[in-house]
1. So which residues in segment 65-82 are closer than 23 Å to residue 214 by Cβ and loosely packed, with under 14 Cβ neighbours inside 10 Å, if there are any at all?
2. Counting only residues that are under 14 Å from residue 101 (Cα atoms) and in contact with a helix residue (DSSP H, G or I) (Cβ under 7 Å, 6 or more places away or on another chain), which one in segment 126-146 is modelled with the highest pLDDT?
3. Could you list all residues from segment 252-265 that are touching a residue at least 40 places away in the same chain (Cβ under 8 Å) and either over 17 Å from residue 45 (Cα atoms) or surrounded by fewer than 18 Cβ atoms within 10 Å (Cβ to Cβ) (or both)?
4. How many residues does segment 206-228 contain that are within 21 Å of residue 247 (Cβ to Cβ) and part of a strand (DSSP E or B)?
5. Return the residues of segment 159-216 that are under 17 Å from residue 64 (Cα atoms), touching a helix residue (DSSP H, G or I) at 6+ places or on another chain (Cβ under 8 Å) and surrounded by fewer than 24 Cβ atoms within 10 Å (Cβ to Cβ); say none if nothing qualifies.
6. When you go through 292, 272 one by one, which is the residue that is under 22 Å from residue 12 (Cα atoms), more than 15 Å from the chain's Cα centre (by Cα) and in contact (Cβ under 8 Å) with a residue 60 or more places away in the chain?
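The values are calculated or read from the model by the stated rules, or taken from the named source; none is laboratory data. All of these numbers come straight from a predicted model, not from anything done at the bench. Counting neighbours? That spans all protein chains shown, and the Cβs are built from the backbone with ideal geometry, glycine included.
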């Protein structure tokens, strides 16, 4: 067996295993991010940070269902000027920290990205896909011309890799993926737009009404979109959505993902899930008779 069978690479960033922390889960605090890196995550992605502080929506903003989680936080964040110390602390764990950012247009994305880069992040993830905040996220990420402009502008001005996080809530994700082809990798998928109704209150459970659906329920959607985009573009991909086991990771890898991100699973399996799934992946590779996980990237894509 290869001495480093789980090592992979995405956008020029080497990862000791393919498991990253997804944006939006325990990643607004530097100490928590460092703890997760020490628990076995190969990299962390910060909470999405914008130009200015946002308070987000009033509670309730999270609804746990049977096999899923619905949330509409509202891009709550302290603003980019207040986030440098969190990056510094997270980096003390000695592994890649990727800064997730959002903005209303190319100019704002660039301003936030340059500041995030100055904090020493290993890469920038562009949140082009938040499903529940008007004027940001999926409203931007559904416009191929705007996606191409934003990605192109940041690639021209930044020194670190740029990853575009795309939405499943668009009519043609392949068109959006092609518009983001200048990026160093695509992140698929963000949460799926959904709603839960309180039948006794006779109104939506979440204050915002619609929210982002995550958890086990969306894995087949995520794997399908990774497969489709890989088949049509051949681009480097980070898979996200509904990953709970090593087998889930392997589905994404075989569908074309070079690495994956974990999020909602932490609510059920805790911070140690990274170390546990990494161990499970090692055993699974042996069963599959492979010496490196890299050999399995995209093998199910024809």
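1. 65, 66, 67
2. Filtering segment 126-146 for residues that are under 14 Å from residue 101 (Cα atoms) and in contact with a helix residue (DSSP H, G or I) (Cβ under 7 Å, 6 or more places away or on another chain), the one modelled with the highest pLDDT comes out as 126.
3. Matches in segment 252-265: 253, 254, 255, 256.
4. Filtering segment 206-228 down to residues within 21 Å of residue 247 (Cβ to Cβ) leaves 214-228.
This time we only want the ones that are part of a strand (DSSP E or B), so: 214.
Of the residues in that region, 1 qualify.
5. Our first condition is that a residue be under 17 Å from residue 64 (Cα atoms); within segment 159-216, this holds for 191-199, 203-216.
Those left that are additionally touching a helix residue (DSSP H, G or I) at 6+ places or on another chain (Cβ under 8 Å): 191-193.
Result: 192, 193.
6. Numbers: 272 fails: under 22 Å from residue 12 (Cα atoms).
On inspection, the qualifying residue turns out to be 292.
Okay, residues lined up against (1) at positive phi; (2) surrounded by 19 or more Cβ atoms within 10 Å (Cβ to Cβ); (3) without any contact (Cβ under 8 Å) to a residue 40 or more places away in the chain:
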position	(1), (2), (3)
84	no, no, yes
92	no, no, no
98	no, yes, no
108	no, no, no
112	no, yes, no
116	no, yes, no
127	no, yes, no
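One line per residue, one yes/no per condition, for (1) at pLDDT 95 or above; (2) in contact with a helix residue (DSSP H, G or I) (Cβ under 7 Å, 6 or more places away or on another chain); (3) not in a strand (DSSP E or B):
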{"position": "4", "(1), (2), (3)": "no, no, yes"}
{"position": "14", "(1), (2), (3)": "yes, no, no"}
{"position": "52", "(1), (2), (3)": "yes, no, yes"}
{"position": "73", "(1), (2), (3)": "no, no, yes"}
{"position": "85", "(1), (2), (3)": "yes, yes, yes"}
{"position": "90", "(1), (2), (3)": "yes, yes, yes"}
